[in-house]
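One structure is given here, and the rest of the page talks about it.
The values are calculated or read from the model by the stated rules, or taken from the named source; none is laboratory data. Since the structure is predicted, the reported quantities are computational estimates derived from the model, not experimental observations. Neighbour counts are summed over all protein chains in view; Cβ atoms, including those assigned to glycine, are modelled from backbone coordinates with ideal geometry. Keep in mind that these areas ignore ligands, DNA and RNA; they rest on the heavy atoms of the full protein, side chains included. Shrake-Rupley method; radii C 1.70, N 1.55, O 1.52, S 1.80 Å.
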Amino acid sequence: IDGSYLEGGGQILRMSSAYSAVSGRPVRVYNIRKNRPKPGLARQHLESLKVATDLCQGEMEGGEVGSEEITIWPGKPAAGTFRADPGTAGAITLMIQAALLPAAFAQGLVTLDLKGGTDVGFSPPIDFTANVLAPPLAKMGVELKVDVKKRGFFPRGGGHATVTVNCPQGLKPLLMLTRGEVTEVTGYAYGDGAQGMAEGVRAVEPSWNVEVDPSVRGGSGVELRAKTSTGCFLQGSAIRERKAPPADVGREAATFLKSQIAHGGCVDEHLCDQLIGFMSVAPGLSKIRCGPLSDHTKTAIHTAELMTGASFTVKEDKSTWVIHCQGCPPEQGASEWTVSGKPKARPKSQASSDPSPAAASKPSSSQSWGKSSGKSGGYKGNKGGGKGGDITEEIEVYERDTGKIIGRQGVTIRDLQSLTGCRINVPKKIERAEGEECEMMKVRVSGPREQVLRCKDAIEGVLMGYEPADVLAEMDGAIIVRNMDGTSIGMLSREKENIEKKCNITLEVDSRSIRIWANDENRDTAIAARDHIDEMLADVTTVETILVRVPGQKVAEILNSTSMRQLQDSSGMTANVAKDDQGTAIRLTGLNGVINEAKELIERMSGGGGADYLPLQPGLLMRMTPQMEADFWRDLQHMSHATGAQVELSKGSNRANFVGNPQCTAHAKSELQKILNFYFPDSCIIVSIPSHAVDYIAGDEDRELMRLQSRGALVALDRKSAQLWLCGDPRGVEQAQNRIRNMLQQWEKEYWEHHCGRGVCYAVIGTGGSNIRQLQSETGAHIQVDPDQGVIRVFGSEDAVRKGKQAVLDCVGGGGRWRS
């Protein structure tokens, strides 16, 4: 099966494995997820394949993260309990899709114990499976029940559901041709912004009732379900991404459901493709009425016809389409289809002797197998000689992707070599004319055989956008939790030793992720630790709003303090002035852990003291040699004494806190930055920027700062001193530096400053502001004039600034002193 066909995602993979499990027919799927930005198996796809393979007591080859080709050698579906946990927010509903069809042929009760994400993007929510998919399957004889133990959302996951499947009387054909009238539409909006999502739904259809539950933690979204007089169900849903306007999310779900109701079909777009597999193996003729066929449905039909022999026809009927399917079930009493009188199942004890390309042939141990390149390039093992037991293998990579292996200033290739012990030789890029196609280039990897194989897999992961350390950790069985917020990272840094002792694990805390290793090498131990960590973080990651009382004269000073702005920049917390009968307060809204930190800072500053902090990469201070460590703590003690500020800093901390009067804390913070830059020059950087570029670097609503944070480094902006503090792994710091450098280059094109006398400034302003209004209207630039400082500032797009600069110079006669 070519995995790049049509939809080209995970669906064709899940269907192929399900058919293989039911039929006993071996299947090889290549070009896996080739149409996706990161081709190859992700962890959730691997878990889906494993549960389907376990269900049929089969074997799988190529079952590893990043693989673009797998082969399944199935046995026979069996009843029992089967578990899957990708260790991520991988969609539970997609794992169910892979397992449902084999479970229906198990001739007994099947229980699926699944963990991951119950409600995540690009997949049906768990309630869809329970309430929309289950009813038509019941008509076909499949008893499907879903019990949600715990909800799980992106990026943390942690959801848990058990699913029971039984088909005691065998499959029956499905007929769903009469939709009837919509009798009710129910809705449920949950999590942060629930009320706004409900209002968005009502903006599309005022009569739809939406239940609101803002207490849900970890994720937010909305689900709408329509029921008809003939028992059909249609659903529209949407997951709210971070910072998406809630009303837009509600409108998205409502608009989709309204379109599904309008076409008059008995099934919605998402239910349609999930029924194709069951129709193809049910005896007799099945018919369903639907709307226009999606790529998912076309892919499902294509795969079903390839693997089952079922016959599909699609007929347009006014505004709807009717899918006819003449099913082709497995033979009675057998676990495989029979093709030309010859069973296609392969006995586990012998290799396939079928030489045809259509047969999935299992490679012998002496063969060298390549992986298709997808978008990121692949490799073909090409063994060469080496000294002392070393080998050399070549990896074929697209020329444009060699830079990913090297990394900026060689950071990535150094990591790959140091972590695997291999030598990597990347050929230089060839200068090509514009439009000339890139070619495949051969990257050589040399070293001990096992390490070379690890290095090749790590390179595959790097080409797909992952960090070398994360790829190798996953290969060795660690559970990786990525994209964690700074508050959670800080708490885990402080509690690291306690967690390790309690859960019997080794915990690696990075700037944006954690790695969990089970000390007993039991994956269940690591999974249990991750669940424990989720529970610990539940309180600190809950969104709350609190009021902190402050003296009225201190409000502006506190809100504009560096420490408060840093907390807002790094966490998305909001801080606003609030006044009531009890006086003045600052209203804080954000993650519980963050607003508690902010409350402590505010209370210190309200009392007249200084309160500031410096964010650090978790584990930064644990990299020092014994001598280096002794020198560092001696320098820190001397600095604290010299500045008069108390510095709170421990070896495993992710921040340094400063206590004292405002002048002392500011001085201590500046000195600690210099000390850290001396000891960690590649990981701790101070970047000075022009004072007028501060808002440009921060971006609207601090969006640019958030983008900088996402590059693997902690970024703190001190608006008073016009300095950026970067702390993280060298790769992340370097990427953030390059981004800042590029932004400043662009800012210089979009900002111009002209120094002149007060009289010139007033001339530019004109009577009642007439001149400056005209200049702005003609050039499209924003022009600010400060007569007291004797400066005129022009900013806007590059073209507008160029015109504005010339217009100002023309207005003042070209005189004055200016700089850009």
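Could you order the peptides 593-600, 51-58, 23-30 from most to least packed, using the average number of other C-beta atoms within 10 Å per residue? Don't skip to the end; give the middle numbers.
Numbers: 593-600: 20.4, 51-58: 24.5, 23-30: 22.9.
My ranking of the peptides, most packed first, is 51-58, 23-30, 593-600.
Scanning residues 5 or more positions from residue 220 or on other chains, those with amide H under 5 Å from its amide H are 240, with H placed 1.01 Å from N in the peptide plane. Rounded to whole numbers, the Karplus 3J(HN,Hα) couplings from phi for the range 493-500 are 4, 6, 9, 3, 5, 5, 5, 4 Hz, using 6.51 cos²θ - 1.76 cosθ + 1.60 with θ = phi - 60°, and x at Gly and Pro. Rolling a 1.4 Å probe across the protein heavy atoms gives the chain an accessible surface of 45 Å² per residue. Normalised by 2.2 N^0.38 Å, where N is the number of residues, the alpha-carbon radius of gyration of the range 670-760 equals 1.21.
Computed from phi, the 3J(HN,Hα) profile of the range 792-797 under the Karplus parametrisation 6.51, -1.76, 1.60 (θ = phi - 60°) reads 10, 10, 10, 8, x, 5 Hz, with x in place of Gly and Pro.
For residue 392, the accessible area of its heavy atoms, probed at 1.4 Å with every protein chain present, is near 20 square angstrom.
Could you put 105, 678 in order of accessible surface area, largest first, with the 1.4 Å probe and the full protein assembly present?
Numbers: 105 55, 678 155 Å².
Descending accessible area places them as 678, 105.
Residues whose amide H falls under 5 Å from that of residue 228, counting only those 5 or more places apart or on a different chain, are 183, with hydrogens built in the peptide plane. Checking the Cα-Cα distances for 76/502; 258/287; 599/651 against a 30 Å cut-off, the pairs over it are 76/502. Over all other residues within a Cβ to Cβ distance under 12 Å of residue 419, the charged ones net out to -3, with Lys and Arg as +1 and Asp and Glu as -1.
With the full set of protein chains in place, find how many percent of the accessible area of the chain is carbon and sulfur; take the probe as 1.4 Å. Provide the component values of the computation, followed by the final result.
Values: 17410 of 36680 Å².
Carbon with sulfur: 47 percent of the solvent-accessible area.
Within the shell defined by Cβ-Cβ distances under 13 Å, the residues around residue 603 carry a net charge of +2, with Lys and Arg each +1 and Asp and Glu each -1.
What is the sum of charges around residue 796, taking Lys and Arg as +1, Asp and Glu as -1, for the other residues whose C-beta is under 12 Å from the C-beta of residue 796? Surrounding charge for residue 796 is +2. The Cα center of the range 451-506 and the Cα center of the range 87-119 differ in position by 26 Å.
Name the shape class, rounded, prolate or oblate, that the alpha-carbon gyration tensor gives for the range 496-641, where a ≥ b ≥ c are the square roots of its eigenvalues, rounded holds for a/c under 1.5, and otherwise prolate holds if a/b is larger than b/c and oblate otherwise. Oblate.
Each residue of the range 279-287 was assigned a 3J(HN,Hα) from its phi angle through the Karplus curve 6.51 cos²θ - 1.76 cosθ + 1.60 (θ = phi - 60°); the sequence is 4, 5, 10, 8, x, x, 9, 10, 9 Hz, with glycine and proline shown as x. With bins 5 Å wide beginning at 0, the percent of Cα pairs of the range 585-701 falling in each bin runs 2, 10, 17, 19, 19, 18, 11, 4, 1, 0. Loop-located trypsin sites (Lys or Arg not before Pro) in the range 710-803 (DSSP state other than H, G, I, E, B) with a sparse environment of at most 15 neighbouring Cβ atoms within 10 Å: 720.
Amide H to amide H, with H built 1.01 Å from N, residue 82 comes under 5 Å of 111, 112, 113, counting only residues 5 or more places away or on other chains.
Against the 2.2 N^0.38 Å scaling, with N counting residues, where does the range 1-70 land? I'd like the Cα-based Rg ratio to two decimal places. Walk me through the intermediate numbers first.
Values: Rg = 10.9 Å, N = 70, 2.2 N^0.38 = 11.1 Å.
That works out to 0.98 for the range 1-70.
When both the range 661-706 and the range 713-752 are represented by their alpha-carbon centers, they are found 9 Å apart. Protection proxy ranking of 59-69, 458-468, 171-181, by the mean of other Cβ atoms within 10 Å over each peptide's residues and highest first, is 458-468, 59-69, 171-181.
The shape of the range 37-192 comes out oblate: with a ≥ b ≥ c from the C-alpha gyration tensor, a/c is at least 1.5 while a/b does not beat b/c.
Shape of the range 36-106 from its Cα gyration tensor (a ≥ b ≥ c, root eigenvalues): rounded if a/c is under 1.5, otherwise prolate when a/b > b/c, or oblate?
Details: a/c = 2.25, a/b = 1.43, b/c = 1.58.
Oblate, since a/c reaches 1.5 and b/c is not below a/b.
In loop segments of the range 234-279 as defined by DSSP, the trypsin sites (Lys or Arg not before Pro) with at most 15 further C-beta atoms inside 10 Å of their C-beta are 242, 243.
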